[in-house]
Every structure is written in structure tokens, then in C-alpha cells.
Amino acid sequence: MIKTDIKIPVNAELRKCFPCDGEDIYKMLLTIPADENGFINDVFGKTFDEYKLFLQKQYESSMQVGLSDGWKVPQTTYWLYVDGVPVGISKVRHFLTDALLKQGGNIGYAIAPQYRGMGYGNLLLRMTLMECAAMGLKQVLVTVHSSNIPSIKTALANGGKIEKEENGRKYIWIDVPKS
């Protein structure tokens, strides 16, 4: 059951990634480590031109159908904006392979370090779940490093239920709310 007291403020917006996204997103992504608690940020340490290529690849992935290269699934990337400023990123894999059931799951998310502890992780996951509903997903898996207490609390606050813990990860399933 998702907590219904998580309100989406008027000043918050979840935007889908597009190749024309600007420097504000680039600057935010430069503040999120390349691999933090299993969330991979492919832009950290990259040039602006490399960032623009990243945007194009992310957009193309969101339009993909089925498996690519025998293992990559379609994935849509979103930016959380609050008061017109990007504060976080989420990624939704449209379906899971056997490998993604073991490591990765459907949703990954991160908040830029300067905006952590403000409830934006909760908001980002809640809004991302709404996008999952629009995609027709009924249930999603979030895999979280067992030491990442804030992310575990975020998943649980959004209706998550821990299925198991192994290899240093908690496997948390969330029923997607109906849109």
C-alpha cells in the first residue's frame, strides 16, 4: 500500500529525457557520483558533448521495443524538477530479464547530493511510479544495497515490500498504483 500522504507539490514536475535537454541537467548529473549505491551515472566526469550523446542514447532506449543486443531492455529516463531546478533522476526499465531480476530491477533513482534529506527521493519515486502506471506496469522491482537506508525507507514509504535480502541487496517489490 502506497502512503497517500505523499503529496506532489505544485512546484514539482517529472520530465522525460529528450536529446535537447540543457546545461541545467548536465550540471546536476556532474554532482551525482558515477556509481553510488549501484546507481550508474554515465555522465559523471564527461564533457558536455558526451552528455549530449548520452541524452540521444537515453531517448533512443525509451523508444526501443524488446531486447537490444540480446540483453538491453527499453529504459526511459526522467528528471525531477522542483521550482524549475533539476534535483534528481530516475530510470524505468520497461520489463525485466532474468539478469535484471537478480541485479538492477525496474527502477533506479538518485537525488543530487545538495538536495538530499528534503523528501525529494520519496517524491521522485512516487512520480516515477505514476509513469510506470501509464506504461501499463502492475508491479516493479527495486534492488537496493542493504546499507542504503534512505533508499530502502523511500521504497517502503512508496508501498514496497521486501521480498528477500541476498548478496548485499534488498529486493523490494512495489505494486504500481492505478493511474
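The values are calculated or read from the model by the stated rules, or taken from the named source; none is laboratory data. This structure is a prediction, so every number in the text was calculated from the model and none was measured. Note: ideal-geometry Cβ built from the backbone for every residue, glycine included; neighbour counts use all protein chains shown. Surface areas here come from the heavy atoms of the whole protein model, side chains and all, with no ligands, DNA or RNA. Shrake-Rupley method; radii C 1.70, N 1.55, O 1.52, S 1.80 Å.
Things to note:
- With all protein chains in place and ligands, DNA and RNA left out, the 1.4 Å accessible area ranks Lys91, Lys161, Lys52, Lys178 as Lys178, Lys161, Lys52, Lys91, largest first.
- Taking each DSSP H run with n ≥ 4 as -39500 (n - 2.57) and averaging over every residue of the chain yields -9000 deg cm²/dmol at 222 nm.
- For segment 10-118, the set of chymotrypsin sites (Phe, Trp or Tyr not before Pro) satisfying both a DSSP loop assignment and a count of at most 10 other C-beta atoms within 10 Å is given as Trp71.
- Electrostatic dipole magnitude of the chain [Cβ: Lys, Arg +1; Asp, Glu -1; Cα centre; debye, to 20]: 500
- Sequence-distant lysines (8 or more away, or on other chains) whose Cα lies within less than 30 Å of Lys170: Lys3, Lys7, Lys16, Lys57, Lys72, Lys91, Lys102, Lys138, Lys153, Lys161, Lys178
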